[in-house]
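No lab work stands behind these numbers, since they all come straight from the coordinates. All values derive from a computational prediction rather than experimental measurement.
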Amino acid sequence: MISKCSLTTLLLIISAVSFGQKQVEGVWKTQDQKDSLLVSQSGQSNPAVFVYFPSKAKFLPFTISGEELVHFEPDASKMTLSLSGDGKTITDATSGTKKVYTKVSSTSPVNYKSVPAGPDDFFDLSTSNYYAGINFYLSSHPGLPFMPNPAFITKKRTSVVKIEKYFARVSGGGAVSVQKEYDLVYNFNGSGLITSVQVVPTGAGQETDTWTYAYNGDKLQKISSPGRVLQFDNDNWEVDARQQKKIPFIFPMWSYYSSSKPHTATLPYMTGAPLNEYFYNDANQLVRICSKDVSEPNILEHCTEYTYDKNGIPIKIVETKRSK
């Protein structure tokens, strides 16, 4: 449900990591203070450095090669940033004018709290991997349903889960219109991992879309759907044809309830209400996610509600948008 629209804001993330023995996390600025870089890193099996260029309004992934950061464009052209031997400056000579950046801050707003995926939660509430955690699989993503928690599926010994999906719109005058959009049918293997997901439209004559999942052990490698294939590395990050991590939609800061369940997700340095707020029932089940849908200015509130059966499996999802 987190909106994808605020790229220039959502990209302001700083993670505490090292580049070899040199610390590169943080904010780097030119001597005249007119330009800056924001640097973060994520991934263990396929590490990547993410750099945000405010002056270019670009956020790009880089791989580590010696004392260089290398980014490949879709046409295979290369962009390189150089780190000095003493680790005190980063040089960008690719923008036409050579720019030298010096680190001015290593303060990180990122919350490193990890929420274990307990066997009693249908949803994987982990935020240990920012791209594959709750912020990715419970957010809107083109055609990709959320990822249930394998530990829960295994404990319940279920192989199929069917969920009805509804959409409701509430006008400024209070009028409500509700329609069923489709059924989600999840199929699982004995380890609780998804083997396929069917999106079955409600309307007659519409074709069913089927997403199939491929793994290497328990590591997701590929999701195939009509007209689209997503590739993943062993960090659960989507990658391109060069195995370069793709830019994430969101890198939020999290706040938590005393139960360790996520409470809010907010983009660093963003003012106003949190992008997402999470609500739970007395059984600690996630029952609602609400946000201000900044991609649609006429929307006051965008909420998704979940209804469960007696075994704790979602059977109904209602997405509601409330207009001004």
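Under 5 Å from the amide H of ASN149 lie the amide H atoms of PHE123, ASP124, each residue being 5 or more positions distant or on a separate chain, with H modelled from the backbone and absent for Pro and chain starts.
Computed from backbone phi with θ = phi - 60° and the Karplus coefficients 6.51, -1.76 and 1.60, the 3J(HN,Hα) list for segment 216-231 is 10, x, 9, 9, 5, 10, 7, 10, 10, 9, x, x, 8, 10, 9, 9 Hz; x is used for glycine and proline. What pairs from LYS165/LYS219; LYS29/LYS99; LYS261/LYS310 go past 19 Å between their alpha carbons? The answer is LYS165/LYS219; LYS261/LYS310.
Partner aspartates and glutamates whose Cα lies under 18 Å from the Cα of LYS222, excluding those fewer than 8 positions away in the same chain, are identified as ASP209, ASP233, ASP235, GLU238, ASP240. Distant-in-sequence amide contacts of TYR280, defined by a placed amide H-H separation under 5 Å and a gap of 5 or more residues or a different chain, comprise VAL287. For TYR166, nonlocal amide neighbours, meaning residues 5 or more places apart or on other chains whose placed amide H falls under 5 Å from its own, are GLU181, ILE317, VAL318, GLU319.
Using the Karplus relation 6.51 cos²θ - 1.76 cosθ + 1.60 with θ = phi - 60°, the per-residue 3J(HN,Hα) values for segment 149-159 come to 7, x, 4, 5, 4, 5, 4, 7, 6, 10, 10 Hz, with x marking Gly and Pro.
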